[in-house]
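Here you go, one structure.
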Amino acid sequence: MYCFWLPEVARRVRDGRANHDYVATKLNASQWIMVPDKLAAEERAPDSIQFNLLGMSYEQIGAFQDIAAARGVKVQVFGQSTDNARAFWNWQFIKDLPDLPRTRAMLMTACDVRLPVQLQPAELDAIVNVLLGALATVTKSAAA
């Protein structure tokens, strides 16, 4: 039996990858952001983009998150999460969880922004502009 929705899944995966890669290229042009490359064995079907903020204090990261939100783009910083499973301190199933300071520090700069697959280039550009504008505001005020 043929599933009529299988071609739709393939299209959504393709479009999600294209959106992710489009935004990643633009964000990676900033000295403040690094979008990790995909792993060699990885097959992605992204509906968001994860990136690391570089050379910023935790206060600057919080300000970046707040400014982006005020401009309409929600940025989740994994290290500030109280419910995201990527933040190991939210794990309730491991007793006596170690502190893992290097992992904690990495999560304090790791971010996630949703990129719904149906977004078009103009909408992706608007997200990029908000993120880069928020970074410019935060890093400019710190340099002054």
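Quick one: which residues, 5 or more positions from I33 or on another chain, have an amide H under 5 Å from its amide H? H modelled 1.01 Å from N in the peptide plane, none for Pro or chain starts.
Amide H neighbours of I33, under 5 Å, 5+ apart: L54.
Ignoring ligands, DNA and RNA, what accessible area per residue does the range 1-50 give at 1.4 Å, in Å²?
72 Å²
Residue by residue, what Karplus-based ³J(HN,Hα) values in Hz, rounded to whole numbers, does the range 54-63 have, using 6.51, -1.76 and 1.60 with θ = phi - 60° and x for Gly and Pro?
Coupling constants for the range 54-63: 10, x, 10, 6, 4, 5, 5, 5, x, 5 Hz.
What lysines does K140 reach when the alpha-carbon gap must be under 27 Å and sequence neighbours fewer than 8 apart in one chain are set aside?
Within the straight-line cut-off, K140 pairs with K26, K74.
The values are calculated or read from the model by the stated rules, or taken from the named source; none is laboratory data. Predicted model only: the values in this text are computed from it and were never measured. Remember, those area values only see protein heavy atoms, side chains included, never the ligands or the DNA or RNA. Shrake-Rupley method; radii C 1.70, N 1.55, O 1.52, S 1.80 Å.
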